[in-house]
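Remarks on the structure that follows.
The values are calculated or read from the model by the stated rules, or taken from the named source; none is laboratory data. On a predicted model such as this, the values are computed, not experimentally measured, just so you know. All Cβ positions, even for glycine, are placed from backbone atoms using ideal geometry, and neighbour counts span all protein chains on display. To get the accessible areas, we keep the full protein, side chains included, count just its heavy atoms, and leave off ligands, DNA and RNA. Shrake-Rupley method; radii C 1.70, N 1.55, O 1.52, S 1.80 Å.
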Amino acid sequence: TYYEGEIPLLKLGDEKLEVDEGWIVISFSVSYPSGNQNKIINVKGNRIPEFVIREIFSNSMGEMIFITNIAALNEADEIVYLTPMSLIPMK
């Protein structure tokens, strides 16, 4: 499981965002550099969309991306906001 630092791009795209056992990520934001701007994509669910992975591959390899506003349902079906992640996608 990756929370910060380098992550293989394939892992970033293939894995669901996971937290404590029994908790389910329901939404998050992913922020990444794209050319001379920073893109922020709001996601429902627990997986980074394929189009975002393609953009990161084209524009953001080796640069910091952030996963923020992570909302999860805990075992009591309460929404909990989690600590942001900072990752560096690598080949």
Protein accessible area in the chain, 1.4 Å probe - carbon and sulfur %: 50
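How high is the relative contact order of the chain? Use alpha-carbon pairs under 8 Å, at least six apart in sequence, and give a whole percent.
The normalised contact order for the chain reaches 37 percent.
Given R₀ = 41 Å, FRET efficiency for Asn36-Glu6 by Cβ-Cβ distance, to 0.05?
Working: r = 24 Å, r/R0 = 0.58.
Taking R0 as 41 Å, the efficiency between Asn36 and Glu6 is 0.95.
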Residue-averaged 222 nm ellipticity for the chain, from DSSP H runs of 4+ at -39500 (n - 2.57), nearest 500: -4500 deg cm²/dmol
Stretch in the chain that is longest and holds no chymotrypsin sites (Phe, Trp or Tyr not before Pro) that DSSP places in a loop and that have at most 16 other beta carbons within 10 Å: 24-91
Per-selection Rg to Rh, the range 14-91 - Cα, Kirkwood hydrodynamic radius: 1.00
Where a label projected 7 Å from the Cα of Met90 along Cα→Cβ would reach, residues of the range 53-81 with amide N under 20 Å: 53-54, 56-67
Environment charge at Met64 (Cβ cut-off 14 Å; Lys +1, Arg +1, Asp -1, Glu -1): -2
Segment Thr83-Glu63, length gained on full extension (0.36 nm per residue, minus Cα span): 5.2 nm
Rounded to 10°, Cα long-axis angle of helix 50-59 versus longest principal axis of the chain: 40
